[in-house]
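Presented below is the structure to which this report refers.
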Amino acid sequence: MTTNLYTSFTEAVSQKKKLLAILIDPEKFDLENSASFLRNLPVATTHLFVGGSTVPEGMTEHLIKELKLYTAKPILLFPGDVSQITVVANGLLFLSLLSGRNPEYLIEQQIKAVSKLRGSALEVIPTGYILIDGQNVSAVSQVTHTNPMVQNNVQAIVDTAKAGELMGAKLIYLEAGSGAKIPVSAEIISAVKKELNVPLIVGGGIKTEEQINNAYKAGATMIVMGTAFEK
Ligand code: 1GP
């Protein structure tokens with residue numbers, strides 16, 4: 001039986017539970033430390049995300065197989081590009097970069113993914129991905145050649161997120177970029193939350209307990225943290 005990963009998001013919303021994903025970038029991860037890394041994760045961790053901006057072919061699959069030796073937590077692909085898709089994961093955030101205007105990341109990569117996904121049991125979750133300025137030049141911005149949305153134009157972010165939902169996104173991901181100096185503001189999270197029915201993921205630059213609580217309080221269903229755990 002395949003468990004439905006998406007249900008964990010909708011149930012979290014209805015039961016007012018909070019989800020925490022730890023992001024592992026295969027390029028920055030030392031495979032030899034897998035067991036101790038997983039042992040030391042916060043108890044609140046519900047999911048693992050695996051992905052990066054530039055990951056050599058095959059590295060993602062190798063890493064996930066290794067992680068699965070030590071954990072039963074669901075592993076979701078959060079791929080920077082189509083080469084990182086592997087059916088050994090439990091699910092795939094099928095991202096479309098809605099904040100950008102680069103067709104490669106709006107639709108081309110998704111088309112290229114189809115031949116990899118055909119016939120596989122990997123759960124695919126359509127996700128509207130919105131890059132927001134974290135006062136740092138983010139890897140996402142560099143790799144995709146797109147600009148982040150400015151934090152003070154809240155309405156534009158809300159409208160972009162809503163358009164994503166109307167186009168069928170099952171999740172909206174508000175991303176300040178890995179290593180952001182400032183995370184997505186509570187004001188943005190709550191404004192988006194107010195207009196949307198789908199669960200919200202928030203990540204980028206979140207390091208402290210206070211930032212975590214602020215994001216949850218503002219309406220994030222899931223928080224993603226990466227850099228804070230890269231030792
Ligand atoms: C996931 O890119 C983030 O959305 C992770 O950001 O590395 O800053 O935690 P950090």
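The values are calculated or read from the model by the stated rules, or taken from the named source; none is laboratory data. Note that the structure is predicted; figures quoted are calculated from it, not measured. When we count neighbours, we look across all protein chains shown, and the Cβ atoms used for this are built from the backbone with ideal geometry, even at glycine. Heavy atoms of the whole protein, side chains included, go into the accessibility calculation; ligands, DNA and RNA do not. Shrake-Rupley method; radii C 1.70, N 1.55, O 1.52, S 1.80 Å.
Values computed for the structure shown
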| quantity | calculated |
| --- | --- |
| FRET E, pair Lys217, Glu66, Förster distance 25 Å, beta-carbon r, rounded to 0.05 | 0.10 |
| Accessible area per residue in Å² at 1.4 Å probe, computed on the stretch 1-51 | 56 |
| Length gained when the stretch Arg39-Glu104 is fully extended (0.36 nm per residue, less Cα-Cα span) | 19.6 nm |
| Heavy-atom accessible area ranking, 1.4 Å probe, most first, across Phe49, Phe29 | Phe29, Phe49 |
| GNM flexibility winner over the chain from Val114, Val202, Val150 (Cα, springs under 10 Å) | Val114 |
| Percent RCO, i.e. relative contact order, over the chain, from Cα pairs under 8 Å lying at least 6 residues apart | 18 |
| Solvent-accessible surface (1.4 angstrom probe) belonging to Ser141, in square angstrom, nearest 10 | 20 |
| Length released on extending from Lys17 to Thr208, taking residue separation times 0.36 nm less the Cα-Cα span | 66.8 nm |
| Exposure of Met59 as accessible area (Å², to 10), given a probe of 1.4 Å and all protein chains | 70 |
| Student exercise, the stretch 12-98 dipole from Lys, Arg, Asp, Glu Cβ charges, in Debye to nearest 20 | 640 |
| Dipole-positive endmost among Phe29, Leu48, Tyr6 within the stretch 1-55 (Cβ charges, Cα centre) | Tyr6 |
| Residue of Leu117, Leu174, Leu98 that the Gaussian network model of the chain assigns the largest fluctuation, springs spanning Cα pairs under 10 Å | Leu117 |
| Using a Förster distance of 41 Å, the FRET efficiency for Thr227-Lys194 (Cβ separation, nearest 0.05) | 0.90 |
| Protein-only accessible surface order, largest first, of Val82, Val137 at 1.4 Å | Val137, Val82 |
| Pairs from Lys68/Lys162; Lys112/Lys181; Lys68/Lys207; Lys28/Lys194 whose Cα-Cα separation, in the structure shown, is over 30 Å | Lys68/Lys162; Lys112/Lys181; Lys28/Lys194 |
| Solvent accessible area, Å² - Ser120, 1.4 Å probe, full protein context | 40 |
| Accessible area, probe 1.4 Å, largest first, for residues Thr160, Thr227, Thr7 | Thr227, Thr7, Thr160 |
| Partners for Lys73 among aspartates and glutamates (Cα-Cα distance below 17 Å; same-chain residues under 8 apart left out) | Glu11, Asp25, Glu61, Glu123 |
| Carbon and sulfur %, accessible surface of the chain computed with the full protein complex present, 1.4 Å | 54 |
| 1.4 Å probe accessible area per residue over the stretch 132-208, in Å² | 45 |
| Calculated FRET efficiency for the pair Ser115/Leu166, C-beta based, R₀ 45 Å, to 0.05 | 0.95 |
| Total charge dipole magnitude, the stretch 4-229, about the Cα centre, Cβ charges on Lys, Arg, Asp, Glu only, Debye to nearest 20 | 540 |
